[in-house]
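Asker: Shown below is the structure under consideration.
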Amino acid sequence: MSTMIALLLVLSSLVGCAGETLTNVKNALPAPPAGAAFSVELEQYEETVLAEDGAVLAECSYELPVLTVRLEDGQVLESAASEAQTRALAAAETFNTRFAQWKTNPKTLADAAKEDQAFRDESGLDPVAYTDDLRCTVYQSDHLISVSGVYYTYTGGAHPNSILMSWNFDLDSGTFFDPNFLEEDGKLKEAVAEELVRQAEEAALENGLAPEEFFWEDYADILADWSSYAVSFDQEGMTVGFSPYELACYAAGPQVFRLTYDQLRPHLGPHGRTLLGLENGEPDVG
């Protein structure tokens with residue numbers, strides 16, 4: 001039970017997956033100031049927390065995306081000289097604040113490990129150092145940053161836990177968004193769910209099993225709620241990922257589905273097509 005509590009404490013402090021909602025496109029940010037551009041890079045952050053006796057309580061290693069506004073000469077814009085620069089810096093701050101929260105996680109994990117260690121000492125069990133790891137992949141275009149991550153954590157259970165995560169950021173409005181925001185006809189969620197069910201049933205048959213044998217019995221209902229899971233974008237299209245246990249048993253591993261932009265396009269609104277770079281065909285990479 002202490003292991004599960006620790007994991008819940010960690011996840012409660014981190015907002016990932018696809019649960020962000022873009023609320024006000026009318027207040028969209030302009031493009032970066034003339035002669036400047038948004039740039040995102042991965043920063044490595046590591047921290048080890050020790051107990052008073054020197055024993056390791058928690059070891060954490062994270063790849064954290066950092067968004068900056070760079071001038072034409074490559075220098076980072078640090079102070080604004082115009083309203084456009086002010087709004088561009090505000091967008092970067094919103095993005096970076098989300099990922100900076102991970103830097104507070106080692107203490108939360110260590111506090112849980114310390115409590116667990118007290119229980120282990122009383123029970124005569126071996127000590128366990130909690131570990132935490134986040135690996136990220138970043139896709140950036142002129143209007144969008146999509147971050148997909150794999151979060152690994154070990155808190156003394158039978159095996160480490162792995163969780164697929166994602167964050168999607170609209171550079172035009174300076175906010176994170178839910179993929180449902182992209183739709184025009186209200187049918188994007190339904191259309192994607194139908195394709196996910198088709199792919200899932202095909203995968204089950206390839207393994208010689210009925211879908212209800214390979215996935216949980218309510219797999220269709222889980223897939224219908226796809227936007228609540230790990231949704232990310234890249235040059236080729238959209239990926240929807242389900243962590244171990246979410247759609248199938250742990251041994252089946254994560255379940256990942258891909259849709260092309262051609263499949264999404266009929267259900268995208270004007271802003272959705274702009275965001276994904278589909279106004280004139282294929283997405284553009286910034």
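Asker: If you roll a 1.4 Å probe over the stretch 41-174 with all protein chains in place, what percent of the accessible area is carbon or sulfur?
Answerer: Values: 3170 of 6470 Å².
Taking all protein chains in place, the stretch 41-174 shows 49 percent carbon and sulfur surface.
Asker: Can you grab the distance from the C-alpha centre of the stretch 77-125 to the C-alpha centre of the stretch 225-271, Å, no decimals?
Answerer: 26
Asker: Counting Lys and Arg as +1 and Asp and Glu as -1, what is the net charge of the other residues whose Cβ lies under 11 Å from the Cβ of Pro270? Before the final figure, lay out each step's value.
Answerer: Values: positive: Arg273; negative: Glu184, Glu279.
Spelling it out: positives minus negatives among the neighbours equals -1.
Asker: Multiply the residue gap between Glu122 and Asp225 by 0.36 nm, knock off their C-alpha separation, and tell me the result in nm, one decimal place.
Answerer: Using 0.36 nm per residue and subtracting the Cα-Cα distance, I get 32.8 nm.
Asker: Work out how much length Tyr152 to Ala81 would gain on full extension: take 0.36 nm times their residue separation and subtract the Cα-Cα distance, in nm to one decimal.
Answerer: Residue separation times 0.36 nm, minus the Cα-Cα distance, leaves 21.4 nm.
Asker: Using R₀ = 35 Å, calculate the FRET efficiency as 1/(1 + (r/R₀)^6) where r is the Cβ-Cβ separation of Gln101 and Leu71; round to 0.05. All intermediate terms of the calculation are to be shown ahead of the outcome.
Answerer: On the way: r = 28 Å, r/R0 = 0.80.
Efficiency computed from Cβ-Cβ geometry: 0.80.
Asker: For the pair Glu43 and Glu212, how long in nm is the line joining their label points, each one 7 Å along Cα→Cβ?
Answerer: Taking the two extended label points, one gets 5.1 nm.
The values are calculated or read from the model by the stated rules, or taken from the named source; none is laboratory data. Keep in mind that what you see is a predicted model, and the values were worked out from it rather than measured. Cβ coordinates were reconstructed from backbone atoms using ideal geometry, including for glycine residues, and neighbour counts include every protein chain displayed. Side chains are part of the model used for accessible areas, which takes the heavy atoms of the whole protein and leaves out ligands, DNA and RNA. Shrake-Rupley method; radii C 1.70, N 1.55, O 1.52, S 1.80 Å.
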